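Below is one structure; the comments refer to it alone.
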Amino acid sequence: MKVLIIGTGLMGTAFKSAYPEAILCGRKDLDITQENAIAHVIDPIAPDVMINCAAYTNVDKAESEQSIANQINGTAVGYLAKYAAKNDITLIHFSTDYVFDGQGKEPYSENTTPSPINAYGYSKWLGEQALAKYGQSTYLFRIQWIYGKNGNNFIKAITKKATETGNLAVVNDQWGSPTWNQDLAEKILFFLRITPGSPKEKPPYGIYHVASQGHTNWHDFAAEILSQTQIPSTLTAVTSDEMPRPAKRPPNGRLNCEKFARHAPLPLPWTTALSRYLHETGTPT
Ligand SMILES: NC(=O)c1ccc[n+]([C@@H]2O[C@H](COP(=O)([O-])OP(=O)(O)OC[C@H]3O[C@@H](n4cnc5c(N)ncnc54)[C@H](OP(=O)(O)O)[C@@H]3O)[C@@H](O)[C@H]2O)c1
């Protein structure tokens with residue numbers, strides 16, 4: 001099966017590492033906002049599956065760059081979906097818990113109507129709608145709180161600050177599931193039946209929520225990081241109101257992943273995944 005991965009960030013590189021025979025295409029090869037470039041670049045590759053990991057992902061900056069965020073996360077997803085439908089290619093795309101306002105009391109299921117909490121969430125919702133309008137054979141995975149060895153992440157930020165200052169304040173009123181990019185990529189490839197030896201019968205196309213097993217808040221995630229890395233530090237819990245950011249975050253971002261779990265194993269429990277990540281990468285400071 002010929003797999004094309006678009007986007008060389010956290011998830012794109014994780015998919016490439018989990019399935020090295022895939023072709024990885026970065027922004028310099030293909031800017032997804034240039035509709036004509038899509039056929040020009042992808043026609044010669046002729047993939048069976050496209051995994052779109054390209055996105056505008058700066059959540060705070062999106063508040064002041066709504067138009068560019070909408071173009072990349074919304075309009076361009078429509079271009080990819082149209083191209084995939086025309087060429088009989090299965091399209092994989094990603095969205096976020098930020099398409100919800102986070103006021104619900106239970107983990108969100110796939111059939112909850114979106115009500116985006118911020119500009120980034122709105123742009124991702126536009127992408128979801130473009131996928132539904134123009135796409136045919138599509139899987140949309142809503143994911144959250146991704147970390148991995150490439151680039152900055154929460155774990156690196158916490159260990160760095162703890163080492164440098166010995167003092168940390170982290171919000172304890174936003175809930176979700178920290179998810180390791182490598183673990184997530186492996187579970188999604190199995191779900192898609194791309195992993196060699198996976199079952200033949202494919203899950204139905206549609207929307208799936210997938211994240212690490214279990215839920216936590218950022219403060220407790222930080223506490224677990226400090227405990228596993230054994231970095232001594234004073235950790236204080238604060239509220240989101242005490243630590244405002246340009247973009248609002250959902251208090252309840254928990255995703256109900258039961259639908260995904262009917263077709264593939266879920267990513268590891270979040271504390272186990274953290275420990276495997278730290279074991280593989282060493283304590284990042
Ligand atoms: N990370 C998370 O916690 C998280 C949570 C929920 C959902 N998601 C979704 O998961 C997907 C993968 O995210 P990620 O974490 O891998 O993001 P990421 O690390 O920020 O990578 C995004 C990639 O998209 C590329 N890109 C941006 N604009 C592009 C364009 N016009 N054409 C081609 N490439 C472009 C970026 O290139 P440059 O480096 O050149 O900008 C970057 O390589 C996205 O759909 C994201 O919205 C992520």
(request) Using θ = phi - 60° and the Karplus relation 6.51 cos²θ - 1.76 cosθ + 1.60, list the HN-Hα couplings for segment 116-131 in order, rounded to whole Hz, with x at every Gly or Pro. (result) x, 8, 8, 5, 4, x, 5, 5, 5, 5, 4, x, 4, 5, 5, 4
(request) Write down the percent of antiparallel bridges among all DSSP beta bridges whose residues are both part of the chain, to the nearest 5. (result) 5
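Sequence gap at least 6, Cα distance under 8 Å: using those rules, report the relative contact order of the chain to the nearest whole percent.
It rounds to 21 percent for the chain.
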(message) Run the numbers for GLU258 and LYS133: contour at 0.36 nm per residue of separation, minus the present Cα-Cα distance, in nm.
(response) 42.5 nm
(request) Show the residues, 5+ positions off or on another chain, whose built amide H is closer than 5 Å to the amide H of TYR56. (result) ASN73
(request) May I ask you to evaluate 6.51 cos²θ - 1.76 cosθ + 1.60, the Karplus curve with θ = phi - 60°, for each residue of segment 200-215 and list the ³J(HN,Hα) values in order in whole Hz, giving x for glycine and proline? (result) 6, 6, 8, x, x, 4, x, 9, 9, 8, 8, 7, 4, 6, x, 10
(request) Calculate, for MET1 and ALA157, the FRET efficiency according to 1/(1 + (r/R0)^6) with r their C-beta to C-beta distance and R0 45 Å; round to the nearest 0.05. (result) 0.75
(request) Return the long-range amide H neighbours of TYR108 (sequence gap of 5 or more, or a different chain), with a cut-off of under 5 Å between placed amide H atoms. (result) ARG254, LEU255, ASN256
(request) Assign unit charges at the C-beta atoms only (+1 for Lys and Arg, -1 for Asp and Glu), then state the dipole size of the chain relative to its Cα centre in Debye, rounded to the nearest 20. (result) 360
(message) As an exercise, identify the GluC sites (Glu not before Pro) in segment 1-109 lying in DSSP coil whose Cβ has no more than 12 other Cβ atoms within 10 Å.
(response) GLU21
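Would you please put 225-238, 169-182 in order of how densely packed they are, using the mean number of other Cβ atoms within 10 angstrom per residue and starting with the highest? Walk me through the numbers on the way to the answer.
Values: 225-238: 15.4, 169-182: 22.4.
Ranked by mean Cβ neighbours within 10 Å, highest first: 169-182, 225-238.
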(message) Need one number: nm distance between label points at GLN230 and THR75, each 7 Å from Cα along Cα→Cβ, rounded to one decimal.
(response) 5.4
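Distances over 29 Å make up what percent of all Cα-Cα pairs in the chain?
Values: 12866 of 40470 pairs.
The share of Cα pairs beyond 29 Å in the chain comes to 32 percent.
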(request) Provide, as a two-decimal number, the C-alpha radius of gyration of segment 64-155 over 2.2 N^0.38 Å, N being how many residues it has. (result) 1.15
(message) Cβ neighbours within 10 Å, averaged per peptide: list 115-125, 131-141 in order, most packed at the top.
(response) 115-125, 131-141
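None of the figures in this text is laboratory data; all of them are computed from the coordinates on show. Quantities reported herein were computed from a predicted structural model and do not represent experimental measurements. Positions of Cβ are backbone-derived with ideal geometry, glycine not excepted, and every protein chain shown enters the neighbour counts.
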